[in-house]
Amino acid sequence: MTITKAAPPPVDHRDAEDRRAPRGWQFNSPLVLTMLLLLVVAAQGPIRRALSAPVMQSWMTVFVAVVIQALPFLVLGVLLSAVIAVFVPPSFFARALPSRPALAVPVAGMAGAVLPGCECASVPVAGALVRRGVAPAAALAFLLSAPAINPIVLTATAIAFPRDPEMVLARFVASLLVACAMGWLWQRLGRSDWLRPPDRPAHDGLGRGAVFWGSVRHDVMHAGGFLVVGAMAAATLKAVVPASWLHAAAGNPVVSVLALAILAVLLSICSEADAFVVASLTQFSLTARLAFLVVGPMIDLKLFAMQVGTFGRGFALRFAPATFALAILMSVLVGAVLL
């Protein structure tokens, strides 16, 4: 008779960990929310006094005004961008563009004037164009022009600058010139090993409805968040930063242009809303504010990250600085002529 040795019972490591772990408070989301609400109720007096201060009243006024003005254009732009991304096949652009890259660049640049969409949508669309055989120079021209000169952006700019209608023409001309110049520059100097072939998007194979609402949710969350950050920054500059500092920066033509161009990169505001943010910075010249409007839709922090993910880090490290410098140069030249 064979005697088999019974296997030992499995050891529950969680029990050992529980015995070693000290007993104490375990924080979860409801508990944190409850404690936060209790803290707000307990400190409602100081909070009310802080919000009633003149500085906070000014801050809230600017913040709410910027958000309310920009939000309808942001929502409309997101919806139209999703419609184009889902229902307009990328092969349409390949058929519509000339076969010669030198001619395809300005045609692709002008196509941005009739295709509403924010910069969040222009990067994947440009990637789809390259993936389907469109010349990279033309795809890059479309990438830069579409979020900068489409009808929604230009209409928002006209409403944000009611007393300066020339700002709309200046934004259109400067942005289109930058888009075409960067396309031609890439055609002449760009190398194929600098541009990584874009991967297929993750939503390939899904239904159009799922892709549409997924695109809407993504763009609303991202663009809406950046709009709030931009409105907060504009309100802070207006209400908190000493007026003498802003006037000192605005009084120097070179510093003012560079300051707003860098601010556009850092704030990363959606192009449907950026005009309302920069219109509130009345201390700065129209040329400096034009630089903000031209630079922002073409290169900012979120765009740089998206370009790295779509076309590769080698591409973004070369393309972004060149775009930034050329956008500032064109803004100054067009501003000197039109503003």
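The values are calculated or read from the model by the stated rules, or taken from the named source; none is laboratory data. These numbers come from a predicted model, not from an experiment. All Cβ positions, even for glycine, are placed from backbone atoms using ideal geometry, and neighbour counts span all protein chains on display. Remember, those area values only see protein heavy atoms, side chains included, never the ligands or the DNA or RNA. Shrake-Rupley method; radii C 1.70, N 1.55, O 1.52, S 1.80 Å.
Out of the total accessible area of segment 208-286 (probe 1.4 Å, heavy atoms of protein only), what percent is carbon and sulfur? It is 75 percent, rounded to a whole number. Rounded to the nearest 0.05, what FRET efficiency do Arg313 and Val107 have when you use their Cβ-Cβ distance and R0 = 35 Å? Between Arg313 and Val107 the formula returns 0.75. Sequence-ordered 3J(HN,Hα) estimates for segment 239-251 from the Karplus curve with 6.51, -1.76 and 1.60 and θ = phi - 60° stand at 9, 10, 5, x, 4, 5, 5, 5, 5, 5, 5, 6, x Hz, glycine and proline given as x. The simple Förster model, with R0 at 45 Å and r as the Cβ-Cβ distance, assigns Val32 and Leu71 a FRET efficiency of 0.95. Whole-Hz Karplus values for segment 135-146 come out as 4, x, 4, 5, 4, 6, 4, 5, 4, 7, 7, 4 Hz, taken residue by residue from phi with 6.51 cos²θ - 1.76 cosθ + 1.60 and θ = phi - 60°; glycine and proline positions read x. Each label point was placed 7 Å from the Cα along the Cα-to-Cβ direction; for Leu266 and Val88 their separation is 3.5 nm. Close amide-amide hydrogen proximity is noted between Ser271 and Glu119, each under 5 Å apart and 5 or more residues distant or on a separate chain (H modeled in the peptide plane; Pro and chain starts excluded).
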